[in-house]
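Undergrad: If you scroll down you'll find the structure; I have some questions about it.
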Amino acid sequence: MRETIRIYGRAEGHDLSERSEEAAGFVTSSIMRALDIAVADEHVTEVVIRFDSLGGVLTGIPDLANAIRAAGGRKAVTGFVVRHCCSAAYFLASQCQQIICVPHGLVGSVGVVREPDGHFGAGSYYVAAGRLKAAGRARIQLPANEEAAMQASVDREYGRFVSAVAAGRGVSRAEVLHGYGEGAAVDAGTAMRAGMVDRIASTLDPVEISASMAKRYARLREQSAATWRH
């Protein structure tokens, strides 16, 4: 039996207490619970995680990514991109045993942007990691000491992001750094050529995802990537 979990909208943090009143995205604790239930259900043989998210805050994302990766040891876990799968959402999708993307989908945006409290929008203070993560966005320089501290923190988060994607996709960090969009979102065709997704398809209905295929993906990735820590 196939169980579907939906990751839609902006990543808003770990739990409901971290969301603003106008938030309409997802929290990682809710997705974690749904995943735990699916994995524990003996009737579920395949978990499909449907993605339509441009990303959001990274709070809780590494833990949920670990849970998705671990779930792949017990069930076939497929990420299905129905429109967007960017930034924090791609962090999660990269831990699925395979990623299927619709022809018009956008994936990637592997990078981190951080803004000090109270500074948002065009012309804001911010720091970024990932060469194209904030390309074309107006920026006001931060004071040197403040910028250096923020940049170091963002670089650490970016390093964990890159390591997680590399481990999940079974590639080197260098391939992620230089071949996965360098911080930009890319179209489905580009993503397929780069190895960021495994298949382009408009629907999951004709796709047969066997246990042997799931084990093959898991085995290849375990052989080619070291365990990553946060």
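All of the numbers you see were taken from the coordinates with simple rules; none came from a lab. The shown structure was predicted, so the numbers you read here are calculated from the model rather than taken from an experiment. Cβ sites come from the backbone with ideal geometry, for glycine too, and all protein chains shown count toward neighbours.
Undergrad: Would you mind checking which residues have amide H under 5 Å from Gly25's amide H? H placed 1.01 Å from N; only 5 or more apart, or other chain.
TA: Long-range HN contacts for Gly25: Arg10.
Undergrad: Still on this structure, please answer the following. Taking 0.36 nm per intervening residue step and subtracting the Cα-Cα distance, what contour gain separates Val102 from Asp187 on full extension?
TA: Net length gain for the segment: 29.6 nm.
Undergrad: Quick one: which residues, 5 or more positions from Val48 or on another chain, have an amide H under 5 Å from its amide H? H modelled 1.01 Å from N in the peptide plane, none for Pro or chain starts.
TA: Those lying under 5 Å, H to H, from Val48 are Glu3, Thr4, Ile5, Thr78.
Undergrad: Determine the gain in length on full extension of the stretch Thr45-Glu146; use 0.36 nm per residue of separation and subtract their C-alpha separation, reporting nm with one decimal.
TA: So the extension gain works out to 31.4 nm.
Undergrad: What are the ³J(HN,Hα) values, in whole Hz, obtained from phi via the Karplus relation 6.51 cos²θ - 1.76 cosθ + 1.60 with θ = phi - 60°, for each residue of the range 142-148 in sequence order, with x given for Gly and Pro?
TA: After applying 6.51 cos²θ - 1.76 cosθ + 1.60, I find 7, x, 4, 5, 5, 5, 4 Hz.
Undergrad: What are the ³J(HN,Hα) values, in whole Hz, obtained from phi via the Karplus relation 6.51 cos²θ - 1.76 cosθ + 1.60 with θ = phi - 60°, for each residue of the range 83-89 in sequence order, with x given for Gly and Pro?
TA: Result, rounded to whole Hz: 7, 10, 8, 10, 6, 4, 5.
Undergrad: How charged is the neighbourhood of Glu157? Take every other residue with its Cβ under 12 Å from the Cβ of Glu157, and add Lys/Arg as +1 and Asp/Glu as -1.
TA: In short, +3.
Undergrad: Here's something else I'd like to know. Could you give each residue of the range 187-197 its phi-based ³J(HN,Hα) in whole Hz, using Karplus coefficients 6.51, -1.76, 1.60 with θ = phi - 60°, and x for Gly or Pro?
TA: Each residue of the range 187-197 in turn: 6, 4, x, 5, 4, 5, 5, 7, x, 7, 10 Hz.
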